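Data first, discussion second: the structure below is written as structure tokens.
The values are calculated or read from the model by the stated rules, or taken from the named source; none is laboratory data. For clarity, every value in this text was computed on a predicted model and none was experimentally measured. Here Cβ is always computed from backbone atoms with ideal geometry, including for glycine, and neighbour counts include all displayed protein chains.
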Ligand code: BEZ
């Protein structure tokens with residue numbers, strides 16, 4: 001039997017994020033118009049009233065101020081309807097306590113996407129996993145509506161929201177200072193300067209490294225973070 005190949009299309013890193021209008025728990029939204037100049041985390045979850053998703057929503061909503069401080073807006077999505085979303089978010093606020101979080105109010109918009117219109121634009125329906133529920137997708141989109149990061153997780157794995165925040169901080173650092181961030185980088189850690197682009201620069205870096213820089217080799221130089 002021939003193997004089937006999934007030809008679904010969705011934006012890749014560096015592509016413009018597809019535009020959409022959607023009904024949400026915070027009213028109608030238009031992307032990208034309503035989000036000009038902001039970073040956006042567009043994320044999907046498989047279904048309302050499910051355990052892993054509930055812990056994820058509580059965690060994300062509890063970090064809302066931290067994302068606001070990073071000029072970042074959150075938008076959730078599942079293929080459930082609006083009344084299901086509302087009922088689930090009310091249950092979370094009124095009844096669920098998890099890891100010290102309680103009375104958690106989800107103030108960011110949660111898209112209803114029964115027809116999967118938005119989910120399909122972002123490759124959130126992956127039929128090998130399920131053709132009736134979205135996977136756990138995360139699209140990090142920059143203020144010019146360009147996709148910068150794509151993460152996909154299966155239904156059984158709750159996401160690490162501290163890592164998602166770290167990614168936003170790393171992208172903002174890279175954009176602001178023209179640097180890259182090393183493995184396990186955290187704010188305040190040293191950053192990587194762009195590799196030497198010529199033999200002359202490589203030689204200079206090794207023989208007279210600038211004061212604010214240190215080189216492990218000609219292609220791996222770091223400096224203190226601003
Ligand atoms: C959950 O969030 O717990 C979940 C959702 C869909 C399938 C399996 C688990």
Please list, ordered by residue number, the helices (runs of 4 or more DSSP H) wholly in the stretch 117-226 having 3 or more residues that are surrounded by 16 or more Cβ atoms within 10 Å (Cβ to Cβ) and not assigned by TED's automatic domain parsing to the domain that holds residue 35.
161-177
Could you please give the count of residues in the stretch 25-49 that are over 16 Å from residue 119 (Cβ atoms) and within 12 Å of the ligand (Cβ to nearest atom)?
1
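Inspect all residues belonging to the stretch 51-65 and state whether any of them is away from the ligand (no atom under 16 Å from the Cβ) and within 14 Å of the chain's Cα centre (by Cα). Show your work before the answer.
Looking only at the stretch 51-65, we keep the residues that are away from the ligand (no atom under 16 Å from the Cβ), and these are 62-65.
Okay, now just the ones that are also within 14 Å of the chain's Cα centre (by Cα), so 63-64.
Yes, the stretch 51-65 has at least one match.
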The lone exception for residue 85 - which of (1) touching a residue at least 60 places away in the same chain (Cβ under 8 Å); (2) assigned to a strand (DSSP E or B) it fails
(2)
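State yes or no: is residue 83 over 17 Å from residue 117 (Cα atoms), buried (at least 17 other Cβ atoms within 10 Å of the Cβ), away from the ligand (no atom under 16 Å from the Cβ) and in the same structural domain as residue 130 (by TED's automatic domain parsing)? Give the derivation first.
Values: over 17 Å from residue 117 (Cα atoms): yes; buried (at least 17 other Cβ atoms within 10 Å of the Cβ): no; away from the ligand (no atom under 16 Å from the Cβ): yes; in the same structural domain as residue 130 (by TED's automatic domain parsing): yes.
Taking the combined requirement at face value, the residue does not satisfy it.
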Quick one: residue 41 ticks every box in (1) part of a loop (DSSP other than H, G, I, E, B); (2) at pLDDT 95 or above except a single one, so which number is it?
(1)
